[in-house]
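Beneath this line is the structure, given in C-alpha cells, with notes to follow.
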Amino acid sequence: MIDQRNADISHEEKISLKAGELVGKLYDALFKEYIEPDENSFRSLNILCVRIVFCLYAEDAGLFETRTAFEDYIKSFNLSDLRDGIIKLFKALDTKPENRNKYDTKINSFPYVNGGLFANRNSKFYQRNR
C-alpha cells in the first residue's frame with residue numbers, strides 16, 4: 001500500500017535536514033570564536049565546517065581506523081590545545097603516510113585524503129592570530 005522508496009526518501013530528507021541544522025549550530029558556535037572576523041573569515045569557517053563534516057562522515061563510514069577515531073582524537077586535547085590539534089590533523093590528512101613523522105602514532109592512524117580538501121594552507125584558520 002505504501003511505496004517503500006518514497007518512505008525511504010522521506011526518512012533520508014528528515015535526516016539531512018537534521019544534519020544541516022547541526023552543521024548550522026556548529027558554524028554559529030565556531031564563528032563566535034573568531035577574533036575580529038573579516039571577509040576571509042567566512043571562507044575559512046566554511047572550509048573548516050566542511051572538513052569537520054568530512055571527518056565525521058569518514059568516521060561513521062569506517063574510512064578511519066575506528067568508528068570513533070576522530071571523536072577520540074578530539075577528546076584527547078584540552079580545549080586550549082584543540083585548535084592546534086585540529087590543524088595538525090588536517091595537515092596530516094593532506095600528507096601521504098610515507099611523508100609523515102613515523103613516531104606520531106596519534107596522527108598516523110589517519111589515512112591520507114587525496115583530492116585537496118585539506119590542502120589549503122592559506123586559510124585564516126591556519127594563521128596564528130588567536
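The values are calculated or read from the model by the stated rules, or taken from the named source; none is laboratory data. Worth saying up front: this structure is predicted, and the values here are computed from it rather than measured. To get the accessible areas, we keep the full protein, side chains included, count just its heavy atoms, and leave off ligands, DNA and RNA. Shrake-Rupley method; radii C 1.70, N 1.55, O 1.52, S 1.80 Å.
Would you work out the relative contact order for the chain, in percent, from Cα pairs under 8 angstrom that are 6 or more residues apart? Write down the numbers at each step before the final one.
Values: 76 pairs, mean separation 30.3, N = 130.
After rounding, I find 23 percent.
For the chain, with all protein chains present and a 1.4 Å probe, just round the carbon and sulfur fraction of the accessible area to a whole percent. Each step should come with its number before you reach the end.
On the way: 4910 of 9130 Å².
With neighbouring chains kept in place, the figure for the chain is 54 percent.
Checking the a/c ratio against 1.5 first, then a/b against b/c, what shape does the Cα gyration tensor give for segment 5-112?
Details: a/c = 2.18, a/b = 1.22, b/c = 1.78.
Verdict is oblate for segment 5-112.
With a ≥ b ≥ c the root eigenvalues of the C-alpha gyration tensor of segment 58-106, is it rounded (a/c under 1.5), prolate (a/b larger than b/c) or oblate? Before the final figure, lay out the partial values.
Numbers: a/c = 1.85, a/b = 1.05, b/c = 1.75.
Oblate shape, in that a/c is at least 1.5 and b/c is the bigger or equal ratio.
Leaving out ligands and nucleic acids, and using a 1.4 Å probe, what accessible area per residue does the chain come to in Å²?
With the other protein chains kept in place, the chain gives 70 Å² per residue.
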